[in-house]
Every structure is written in structure tokens, then in C-alpha cells.
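Below you'll find the structure, written out as C-alpha cells, and then a few comments.
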Amino acid sequence: MKTVLYIGALLLCGFHLLKYAIGQPSLRGMGQKGTAEMPVLVSRARPVVTFAPAKDMSLTAAGWCSLSPETRLSVPGNGRLWFAAYNNGAGLLISALAKTEAPWLWEAAHHLPFPVLRGGTTPYKGETLHETLYTLSADADPFHPLHDAAKDAPCLVYRAKLLLDFQQIQVIIEYHEPITQEQARDMAYDLPYLNAFQERGRAACSIVLPGKSNGDVLPRRIDKISVADKAISRIKLSRWTGEMQRRGSL
């Protein structure tokens, strides 16, 4: 009799635990503060992060996938990426969270996956925001299938990045605008164009850190994100996020 009661208690406990787990919102997913606002990428896991796209942006895609970034060792790294993509008719906006799996860390923020036209840092809510401008060819761009541009058109890219949680989390914003091959070759010398583009990139989206401000509130409901479309290359995404290093190594 005691055995039956014991088994029954375990089953009841398991049922309530399962019910509790099912009822919990996702740690990372898409949330929406109000019916008038667009869905945004949200992370409830520490550090708590979300994004604030410009009002003229429309959500076009969202997904998550596993990553195998390059390392300085003989084996690839291991991580996961969640992203949301938006379009305003002039450019493509990417908001993303990239998380390492033990024992990997992201390389220091100044290690960049592509050659840059301009780089710099600025204080941002107690963190350091790393900003870069670079050109990205169509065949290296994991998000090129989402562009409205011509098939082979390169893009000018604004990237803003935070490196959080002891280099385990990358928070990335990218704004892409298509350019011609001729523009790409001479872009480094067109300072007025670069200045104007950087301001458009900054205006396209901002990173929200609710833990840093009493005024920033997370959406109540967070929906799970489905696996990213196969048209988004995992190999290109793994390069796009940057290199990893093993914890404890230089």
C-alpha cells in the first residue's frame, strides 16, 4: 500500500511540475508589448535584453539555429543564435542574440568577422557598445535571401554589438542597405555618405536592457521562435557572428 501511495505521489508531483513547465513563457522568443507594436526579440534569461526597432520597420522573418563558429583550435565552437529581421523598404534590420555553449566564449569584441571601414566604441547603459561599418558581399551575407536588392548586390552594413555575461552573450544590431559594386570599391573615401549611413543605422533600432532602467518593461507574453528557414545558411551565420575561444585560453 505504501508503495502505491509513493508512486501516486511521484506521479502527482511530476504532473504538477510538467504543468508548471508548460505554463512558463520561453526564455527567449518574440514578444509584443501592445497590439499596436511590432513583435520584438526578447531574452528573459540573464542578462535580460530586448530591442526597439524604428516605427517604419516591418517584421519579415525570425528564427533560431545552432552555430559552429571558427576558433583558433582544431575544432569549431558551439553556440546558438536567435534573430528577427525587419524591412522598411530602404534597408534590412537584423536584431540578434548569440549565446555560446560551454566551454566556449566569444572572442573580444574588437575581433570582427569582416574587414571594417570604420570602428569605434561608446558607453551604453553601463556597457560598451561597439560600432562598425563594413561592406558585405552577397555571397557572404547570411541574410541576403531576405533582401529586396538585386541578386549579386553587396550591402553597406552598420553593426552595433554588446558583449555580455563574461563574453557568453553577443547582442547584435545590423542595418543593411544595398549598394552597387562601384560604390563598394570607393566607399571608404565617401565620408559624407558613411556619416549619413551610420546615423540611419543608429536610428533603425536600439538595444533595450530592462535591468538597467526602471522605464523599460518586457512584454508579458513571449512566444517561441521556430527554427530558421533553410535558406539562411548556418555556415554563413557561424562566420557572421565571429570567432570563439575556449574558456581559460588566450
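Since every read-out is calculated from the coordinates, none of them should be taken as a lab result. Every value quoted in this text rests on a predicted model; they were computed, and no experiment measured them. Virtual Cβ from ideal backbone geometry, glycine too; neighbours counted across all protein chains shown.
Please verify whether the stretch 46-53 includes one or more residues that are among the small types (Gly, Ala, Ser), touching a residue at least 24 places away in the same chain (Cβ under 8 Å) and not in a strand (DSSP E or B).
no
Look at THR60 and say whether it is out of contact with any Ser or Thr (no Cβ under 6 Å at 6 or more places or on another chain), assigned to a loop (DSSP other than H, G, I, E, B) and of a type in the set (Ser, Thr, Tyr).
Answer is no for this residue.
Quick one: which of TYR175, TYR189 is over 30 Å from SER74 (Cα atoms) and touching a helix residue (DSSP H, G or I) at 6+ places or on another chain (Cβ under 8 Å)?
Of TYR175, TYR189, the one residue that is over 30 Å from SER74 (Cα atoms) and touching a helix residue (DSSP H, G or I) at 6+ places or on another chain (Cβ under 8 Å) is TYR175.
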